[in-house]
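Undergrad: One structure, as C-alpha cells, below. Some questions next.
The values are calculated or read from the model by the stated rules, or taken from the named source; none is laboratory data. Owing to the predicted nature of the structure, the values given are computational and were not obtained by experimental measurement. Quick reminder, even Gly has a Cβ in these numbers, built from the backbone with ideal geometry, and neighbours come from all protein chains shown.
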Amino acid sequence: MSAQDTKSLWADAFSRLVRDRWALISLVIVLVYAGIAVLATIGWGLPDWKTSQASEYLAPNGQFWLGTDLFGRDVFAKVIHGTKIAMSVGLVTSLIAIPIGVFIGAIAGYFGGWIDDIISWFITTFSSIPNIMLLISITLIMGKGLVSVYLALGITGWVGLARLIRGEVMKHKEREYVHAASAIGGGHFRKLFIHILPNVTHLVIINTSLQFQTAIKSEVILSYLGLGVQGEPSWGTMIDDARQELARGVWWQLAGATFAMFLVVLAFNILGDALRDSLDPKLKGK
Amino acid sequence: MSMRFIGLVFAFMIAAVGCSREQNFDEKVLNLITPQKIKGFDPIYAADLYASNEIGKVYEGLLEFHYLKRPYELTPNLAESMPEVSADGLTYTFKVKKGVLFQDSKAFPNGKGRELKADDFIYSIRRMADPKLQSTGWWLLDGKIAGLNEWRDKNANAEKVNYDEAVEGLKKVDDYTFQFKLAKPFPQFLYALAMPFTFAVAKEVVEHHGQEFQNYPVGTGPFKLDYFDNSNRIVYHRNPTFREKLYPSEGEATDEAAGLLADAGKKLPLVDKVIVNIVVESQPQWLNFQKGSADLLGVPKDNFDQAIVAGKNLHPDMAKKGIRLSMVNSLDTTYVAFNHTDPLFKDNIKLRQAMSLAYDHVESNKLFYNNTATIAQSIIPPGISGHKKEYKSPYIGRNLEMAKKLLKEAGYPEGKGLPELQYETVGSTVSRQQGEFFAKNMADIGIKIRISTNTWPELVKKTNTKTAQMFGIAWGADYPDAENFFGLLYGPNESPGSNSSNYKNATFDKIFAQASIMQDGPERTALYEQLYEMAGNEVPWIYGMHRTSVTVYQGWVKNYKYIEFNHTQVQYLNADLEAKKELLKKF
C-alpha cells in the first residue's frame, strides 16, 4: 500500500475535486448564488427591486445594468432577488426529496420480496406520469405559492434517486462485509444504516446536485406558466413577461433571467460530474 | 447531433413552403384570425365572443343590429318585420320571412335543406331552457317567458325532456307566425333575440347528430361550414341557398364618404370563402397580419408602437402598405370588484373609497392601454344611455393624501390592522401585470395585496361560490342598454348570478327594479343616471377603464366598420382582388 492511501476517502475526494479547475469555478459560482440567496432572505445589502425608479423599459445603462421593466423597476435587482426563490426551491425540494428517495430506495433494495414489489410499483407509477402534469395538478389542488412549489417538486423528485439507491443496496447486501456484519449478530437496522448506507453516500451527494438544478428549472417553468411563485421576482415570471416585450425590442429581462438560470444550472451540472469522479472509490488516489 | 441538425433544416424548409402558399385570386377569400379555440357551434352555448362570431356565420336570429347605423339599432333579420307588441308590453307577435331555407344536410330528407318555420324558433328557445342541456345563456330568459321556468323545472328530473308539452309563453299562430308571452315586462327582450343564444336550429339536425351536433352546424346563415379543426382552422364557403339579403343602403351620415355604401343593395354575403385561423399567441397574430396573410386584426398591446404613432395615427410604414386603422370606443368597463359578503368591505365604504383613490388610472391607461382608454367614472360606458357625461366621481383620480385620510377614518391608519388582501385574476401575462400594478398602488397607502392567478373556470368557480375576496375583470355589453350593466350590482342577482361582487344596496335595488321594466324614454334615462351616480359614489368596485378597440385591416378589405356585436359582420365585408394584387407587392 502506498502512503497516499492513508488519506480518508473524503479528504482524497476533496483534494481531487479542487484540482479540477472547472469544478472549482462551479463550486465558487454555486457558493456565490447561495450567498446572494442568504442576503436576499435576510434583506440586507442588495439593490431594491420593488420601487419604480425610472420610466418604463429603459435600455441597459450605467445606472440600471439590465435596464428597467414595465413599471420602471430595476431588472438587475429582480434577477438578483430571483436567486433567492431559485436557490430556496432547490434546497427545500432536495431536503424533501433526498431523504424520501434514500429511505424508500434502501428499504426496497434491502428487504426485497413483497416490500420491493410495492415500492417498485410506486416508483414505476410515479415515473410514468408526465412530470409537468403532476406538478400542475399538485399546485392546483394545494393552491398556488411557494409552499406548493416546494411540495410539488419535493414529492416528485425522489423517484430517480430511490431507484438508484435500491439497485445499489441490492448489490451491497450480498457483499462480504455485510455477511460479516450478520455473522457477528448485526440486525437489519444496523446492517442497512450503519454498514451499507455510508457506502452509497456518494450517490446521494451527486444526486443532490442534480436534483437541485432540476428543481430550479422546474420552478422557472411553473412560474412561467403562472403556477408558481406569486408577488415576488422569479426568473420564470420574468421570462413570461419578456415573451411579449420582445416584440417591442425589450430583450434585457429575458437575457438577465435566462443567463442567471443558465449559469447556475451549468455550474451544478459540472459540479455533479466532478463529484461523481472524485467520489468514485475506484478512482481513489488517481 | 448532425442528424438532428439536418432534421431541423428539413422542418424549416417544410414550414417555409407551407407559408408561401400562393394567394388565390380566382375567388374572394377573407383570412381572419381568432385568438381562442372554439368548442363547437351550438348556439345555446355561445357565451363567449369568439364562439359567437363563428356561430353567427352559420346561424341567424329573428333580429340583428343594423350594420351601419349608430347608436345601435335593431332591425329584422329572419323576422319579416319588427314584432307587434301588445299594449301591456307582454305579448310579442313575430312573422317569420317566407322562403328561408336551412342549409343542405344529410339530416334532411334527400339531403335538401327545408324551409324555416315558426316551430323552429319555438324549438330553439326551448332548447335554451332544456334542463338537461345546461345552456350557458339561460340567464337571459330565466323568469322572463310565461311558463318556461315551470316547464324547465318539471323536466329537470324527467328521463326524457318533453318537447311536445305546450308552454304558455311560446305560441304558434300559423306556420309563419308565433307569439312570445312574457311573465313580466322585460323591455330588453328584443335584444335577446339578436344574440346567438336564440338563433334558429332545426330539430332534425339536432336529433340526427345527437352529441355531435355542435360539430355539424346547419343554419340558415350566409356561410356554410366546410372544415372545422378546433385548434387550427375553420373554413366556410358561401351558402348557395342563402336567401335574398341585401347590403343596407343607409347608415350614419359619414358612411357615404367612408365608402361604406359602395355595395348598397348588393346580395350578401359579398365574399366566396372565409378562412378563420386559430392563433392564440399575440406575436404570431401580428406577424401574420404584417405578412398580409391576415386581413383584420385587433392590435396586441406590445405591438401598439409599431402600429400607431402619436396615439392616434397609423404608423407610416403600415400606411404605405395600404393598411387602415379603426379606433372606436368599445362598450365595456374594466374593474376590480370587492366581495361584499366579506365583512371587511361590506359596511366599510371609506376603505373602498380609499383604495379607489390610491389607484393610478392615468399610469394604468399609459402602461396597459397606450393611453387610448377612457377612465371610467362609474359603471356605464359612454354611448349607452344612462352614462352621464358631467359626472366626475370624487373617488377616481389618484390622491394619496385623501386616500390615507380615508383609510385612517376606515379604522386602518396606514394599513395597520388590515389583513393581507387576496386579489384574484386570470393567468395571462397582462392580467398578472395588471394585478402587480394594483398591488404596487395599494402598497403606497400601506395595504398589502397578494396576487393569485387562476384559469378562467377557476376564477368563475371562486366568484360563484363567493370565495374570491377581490378580483380584476371586465364586462362587455351584451346589448346596448344600461340594464345589462346595472344588473351586475343588483342585489337579487348575487352569485352565482351576474352580481358576482354580491353588492347589496336597498335604494339601488329599488330604483333598478323600477327602471328595468320601463320602456326607453326620458323618465327611464333619469333613473338610469341616478343609478349611475350612485354606483360612482358608493364605490362597490374600483372602476378602471372603458377600453378602445384598436383594429387594423388591409387595404383590400372593404366595408369594415367597427360593430360591438360583431357576430354578423363578416357577411358585409368585401375583398377587392385587384387592389390586393397591387398591394401585396409592397409586402
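Undergrad: When you look at residue A:274, is it part of a helix (DSSP H, G or I), touching a Gly at 6+ places or on another chain (Cβ under 8 Å), surrounded by 20 or more Cβ atoms within 10 Å (Cβ to Cβ) and not acidic (Asp, Glu), yes or no?
TA: Here the answer is no, as residue A:274 does not meet what is asked.
Undergrad: Out of B:204, B:159, which single residue is assigned by TED's automatic domain parsing to the domain that holds residue B:107, on the phi < 0 side of the Ramachandran plot and not in a loop (DSSP other than H, G, I, E, B)?
TA: B:204
Undergrad: So which of B:225, B:268 is under 18 Å from residue B:576 (Cβ atoms), more than 14 Å from every other protein chain (Cβ to nearest Cβ) and buried (at least 19 other Cβ atoms within 10 Å of the Cβ)?
TA: B:268
Undergrad: Related question: Please pick out the residue among A:198, A:233 that is outside any helix (DSSP H, G or I) and on the phi < 0 side of the Ramachandran plot.
TA: Step by step, each of A:198, A:233 is checked, and only A:233 is outside any helix (DSSP H, G or I) and on the phi < 0 side of the Ramachandran plot.
Undergrad: While we're on this one: How about the range A:62-153: which helices (runs of 4 or more DSSP H) wholly inside it have at least 2 residues that are more than 14 Å from chain B (Cβ to nearest Cβ) and over 25 Å from the mean Cα position of the chain (by Cα)?
TA: Filter on the range A:62-153 gives A:75-111, A:113-128.
Undergrad: Moving on. Could you please let me know if residue B:325 is away from chain A (no Cβ under 14 Å) and either surrounded by fewer than 17 Cβ atoms within 10 Å (Cβ to Cβ) or not in a helix (DSSP H, G or I) (or both)?
TA: It is true that residue B:325 is away from chain A (no Cβ under 14 Å) and either surrounded by fewer than 17 Cβ atoms within 10 Å (Cβ to Cβ) or not in a helix (DSSP H, G or I) (or both).
Undergrad: Taking residue A:169 as the residue in question, decide whether it is within 14 Å of chain B (Cβ to nearest Cβ), touching a residue at least 40 places away in the same chain (Cβ under 8 Å) and either touching a helix residue (DSSP H, G or I) at 6+ places or on another chain (Cβ under 9 Å) or among the small types (Gly, Ala, Ser) (or both).
TA: Answer is no for this residue.
Undergrad: Right, here's the next one. (1) out of contact with any Asp or Glu (no Cβ under 8 Å at 6 or more places or on another chain); (2) more than 14 Å from chain B (Cβ to nearest Cβ); (3) crowded, with 18+ Cβ neighbours inside 10 Å: which one isn't true of residue A:186, the others all being true?
TA: Among (1) out of contact with any Asp or Glu (no Cβ under 8 Å at 6 or more places or on another chain); (2) more than 14 Å from chain B (Cβ to nearest Cβ); (3) crowded, with 18+ Cβ neighbours inside 10 Å, residue A:186 violates only (3).
Undergrad: Give just the number: which of (1) in a helix (DSSP H, G or I); (2) surrounded by 14 or more Cβ atoms within 10 Å (Cβ to Cβ) does residue A:15 not satisfy?
TA: (2)
Residue by residue, here is whether (1) within 14 Å of another protein chain (Cβ to nearest Cβ); (2) among the hydrophobic types (A, V, I, L, M, F, W, C) holds:
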residue	(1), (2)
B:274	no, yes
B:280	yes, yes
B:283	yes, no
B:296	no, yes
B:302	yes, no
B:316	no, no
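Undergrad: Can you list the helices (runs of 4 or more DSSP H) found entirely within the range B:266-322 that contain at least 1 residues being at pLDDT 90 or above?
TA: Qualifying helices (runs of 4 or more DSSP H): B:282-291, B:316-319.
Undergrad: Out of all the residues in the range B:85-120, which are in a helix (DSSP H, G or I) and out of contact with any Lys or Arg (no Cβ under 9 Å at 6 or more places or on another chain)?
TA: B:109, B:110, B:111
Undergrad: Go through (1) surrounded by 20 or more Cβ atoms within 10 Å (Cβ to Cβ); (2) under 25 Å from residue B:342 (Cα atoms); (3) out of contact with any Ser or Thr (no Cβ under 7 Å at 6 or more places or on another chain) for residue B:416 and report which single condition fails.
TA: That leaves (1) as the condition not met.
Undergrad: So, in the range B:499-528, exactly how many residues are more than 24 Å from the chain's Cα centre (by Cα), charged (D, E, K, R) and over 30 Å from residue B:435 (Cα atoms)?
TA: 4
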